[in-house]
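Trainee: For reference, the structure I am asking about is given below.
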Amino acid sequence: MKRILFPILACVPAPFLYFYIEYAFTASATYPWFLIPLTIFYFVLTGYVSKNYSILSLLCWNLGSLVFSFLFAHFFLVEDMEYYEPFGEHFMLIYTWALMVVAQLFVRHVIHYYNENIRQEK
């Protein structure tokens, strides 16, 4: 189960879901308070599950997330250029994806550090 959980989590179009939920709440003029903790939970869980994978496979699986994000954004996100100012929708999807990948790599690094240094001392 652990071997298949990471590819499933890594291919979730998280950048698309982030902007889709955020844009849906702009109509009601409220910010979705649950979005940031949910995003943090996503990359912590994905970083923890990816501890047995190489960095190259982690990046390849996360590229699937970026492809799905572009695909879903093309069909489901509204073309509102004011919302994505000054850079545009595609740049914001890539930027959010890159931040999530870096966060996953950071969590993965912390877990490796804990397993190699702190756990051995006990």
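Trainee: Among the listed residues I55, I118, I40, I94, identify the single one that is at pLDDT below 90 and aliphatic (A, V, I, L, M).
Mentor: Answer to the check: I118.
Trainee: Name the residues in region 63-89 that are at pLDDT 90 or above and of a type outside the set (G, A, S), would you?
Mentor: Result: L63, L66, V67, F68, F70, L71, F72, H74, F75, F76.
The values are calculated or read from the model by the stated rules, or taken from the named source; none is laboratory data. Here the structure is a predicted model, which means the values were calculated and not measured.
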